[in-house]
Amino acid sequence: MMMRPAVPAQVPVQTSLTGADDTARIMGRMPPLAEFGAPPHGGVAAHWLNLRRATAYPRIFVAIYLAATVVWVCLATDLVDPKGKPLGYDFITFWSASWLALAGESAAAFDAARIFAIQRIAVPASDVVFLWHYPPTFHLIVLPLALMPYFAAYGVWLAGTFAGYAWVIRRFAPARQTIFLLLAFPGTFINAFHGQNGFLTTALFGGAILALPTRPALAGVLFGLLSFKPQLGLLIPLALACGRRWTSFVVAAATTAAFAAISALVLGAGPWLAFWNNLPLVRMVLDDGGVPWAKIPSLYIFLRTLGMAATAAYVLHAVLALVVAALVARAWWRGTNPLLAAAVLTSGAVLVPPYLFDYDLALLAIPVAIIAWDGVQRGWLPWEREVLLAAWLLPLVAPGFTEATGVPVATPCLVALMAIAVRRAAQDQALSRAPPDLTRN
């Protein structure tokens, strides 16, 4: 966050999420995306979102991203872009927090003047301060970054976290086209552009889901490590409890506690005190529009953008969060296909917190991949492909559209994504029995 200083053949549902044999079995029975828009036997017209488009359009997106990146870097002067912001954007906060921690000043990361001074070491020409609001657990994760020069650390951070992100999504949708679709996904580009941690959160969340059936302790560890981004993990304890995943539940709780304790041992108690004292500032900045509301896809900001008072908006946001929690609890309690239950959980995870940004929507790669791959295997329900496409485009389109028109569109799209995840999970058994109807809209 920144402020200026003052198919035809029936395929069984995949139930085991981790083994290489499972991936090979699925890919052997269903060619990757071969039935994405194909008509059934009978000659009815194919869906407009067909394999050819699903293959060609992502390549166009990737080419545009590469060209835009080259132009943007060429337009920068002394690592400052045409908007006056340092290349890497939010990553400069991670590097600066690392620098302070290595200098024994971890708590100073919450001091705007102090962290701005370090950001000027990374990019001397920058005149924009990016504030630090993370718990000390994340400080541990970024601790080594300042051992490298700023731009080298930026590249290592993106490459390392993207590798985990891509591996996880490829396991959810084991098709040849998946990597290009992921590279073209605007959530990928936005997160990379900001140098943010969306790749890491998605890799941890997705890795935990993949490990859950056969390696519950590992799943618990990964869920516990995700506690550095607590707002995205609010539904995880509920899901694990309702799914009777007690080993993962206990290990996740223990990992969270150990993670916090280790951060206190390494960094001291000061950063934790500073973190708690900083929370009122975070809320004030959110409530008063100190950050661009168009980039925040929560219901709370949706309502504030439409003119609602803060208290009423918080109340309605809490109501939505309770509804989302109930739907997640239902999906996990009923023993739904674990992949579809995971799609419900991850699509709900971005609806619960009032405070998240467009780069956090990299997490949408999980439910989009799960639902798309299930649709390829077993057929589509009405409007699923349209909603998936809208969710795929959301991180790129929503902020600009809202800024241009004043009409927030992100929240309705996220609600629609969760709705199709809930519907597919609820109709899982019917989908297993019925032949796919690939011509339905």
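Pull out a ≥ b ≥ c, the square roots of the eigenvalues of the alpha-carbon gyration tensor of the stretch 354-416, then state rounded if a/c is under 1.5, prolate if not and a/b is larger than b/c, and oblate in the remaining case. Prolate shape, in that a/c is at least 1.5 and a/b is the bigger ratio. Going by neighbour counts of Cβ atoms within 10 Å, the residues Ser248, Ser106, Ser227 line up, fewest first, as Ser227, Ser106, Ser248. Each label point was placed 7 Å from the Cα along the Cα-to-Cβ direction; for Thr311 and Trp383 their separation is 3.5 nm. For the stretch 301-346, list log₁₀ I(q)/I(0) at each q in 0.16, 0.18, 0.24, 0.29 Å⁻¹, using the Debye formula over Cα point scatterers of equal strength and ignoring solvent, two decimals each. Relative scattering, expressed as log10 I(q)/I(0), comes to -0.54, -0.60, -0.75, -0.92. Other residues lying with their Cβ under 10 Å from the Cβ of Cys242 contribute a combined charge of +4, Lys and Arg counting +1, Asp and Glu -1. Taking other C-beta atoms within 10 Å as the exposure proxy, Phe185, Phe193, Phe151 rank Phe151, Phe193, Phe185 from fewest upward. By definition, a body whose alpha carbon gyration tensor gives a ≥ b ≥ c is oblate when a/c is 1.5 or more and a/b is not larger than b/c, and the stretch 247-405 fits this oblate description. Taking only the C-alpha atoms of the stretch 63-152, Rg followed by Dmax gives 13.7, 43 Å. Summarising the amide proton neighbourhood of Val129: residues at separation of 5 or more, or on other chains, whose placed amide H is nearer than 5 Å comprise Met3.
Site pair Met284 and Ala264 shows an inter-label distance of 2.7 nm when each label is modelled 7 Å from Cα along Cα→Cβ. Amide H contacts under 5 Å for Val80: Leu87, restricted to partners 5 or more places along the chain or on a different chain, H placed in the peptide plane at 1.01 Å from N.
Put the Cα centre of the stretch 73-152 next to the Cα centre of the stretch 205-230 and the gap is 29 Å.
Using 0.36 nm per residue and subtracting the Cα-Cα separation, the extra length available between Ala241 and Val397 on full extension is 52.5 nm. Subtracting the Cα-Cα distance of Ala318 and Ala63 from their residue separation scaled by 0.36 nm leaves 87.7 nm. For the pair Val73 and Thr214 in one chain, pulling the backbone fully straight at 0.36 nm per residue adds 46.3 nm over the alpha carbon distance. Could you pull out every one of the lysines with an alpha carbon less than 25 Å from that of Lys229, ignoring same-chain neighbours closer than 8 positions? Counting by Cα, and skipping residues close in sequence, Lys229 has these lysines nearby: Lys85, Lys295. Going through (1) 21.8, 71; (2) 21.3, 67; (3) 32.1, 119, the figure that equals Rg and Dmax of the Cα atoms in Å as computed for the structure here is (1). Put in order of Cβ neighbour count within 10 Å, fewest first, the listed residues Lys295, Lys85 become Lys85, Lys295.
Which shape class applies to the stretch 143-240: rounded if a/c is under 1.5, otherwise prolate when a/b exceeds b/c and oblate if not, where a ≥ b ≥ c are the square roots of the Cα gyration tensor eigenvalues? The shape class here is oblate.
No lab work stands behind these numbers, since they all come straight from the coordinates. Just so we're clear, the structure is a prediction, and the values are computed from it rather than from any experiment. Counting neighbours? That spans all protein chains shown, and the Cβs are built from the backbone with ideal geometry, glycine included.
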